[in-house]
Amino acid sequence: MNPRVDEQIDELVAAADVAADGPERAEAVARLAALGVERLVADTGSRFDPNIHRAVAVVPVSTPGQENLIAATVRPGWRHGGRILRYVEVRVQVPPSRCPEPGAS
């Protein structure tokens, strides 16, 4: 890809990340879409997919059927063509035994 286009995409992704919901973010997302870049989000309750999601936190669940479901999107991801520019950062529901103890690092 053209280095100038790559730089423009990086700048627009950064602008979309820091802009509050509203016209500024919408403009950055629209400009990215015009360049063929898609904003990725994870719906709460959808299945965790390591091909597009990155788990940045875990949340304990009590019902086994809720394991590996998205609890929340932390930061959206971006895809250009078939290439992931940034994975969607999510909180994933897991069994309590897979959660760190409070205060553990």
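The residues of segment 49-92 that are within 29 Å of residue 29 (Cα to Cα) and in contact with a helix residue (DSSP H, G or I) (Cβ under 9 Å, 6 or more places away or on another chain), listed by number, are 58, 75, 76, 78, 80, 85, 86.
Taking segment 34-52 as the range and being within 19 Å of residue 72 (Cα to Cα) and small (Gly, Ala, Ser) as the test, the residues that pass are 42, 45, 46.
Given the structure, is residue 37 on the phi < 0 side of the Ramachandran plot and modelled with pLDDT of 90 or more? For residue 37, the condition - on the phi < 0 side of the Ramachandran plot and modelled with pLDDT of 90 or more - is met.
Taken over segment 46-68, the residue count meeting the criterion of being modelled with pLDDT of 95 or more and farther than 28 Å from residue 12 by Cα is 1.
The values are calculated or read from the model by the stated rules, or taken from the named source; none is laboratory data. Since the structure is predicted, the reported quantities are computational estimates derived from the model, not experimental observations. Every residue, glycine as well, gets a Cβ built from its backbone with ideal geometry; the counts of neighbours run over all protein chains shown.
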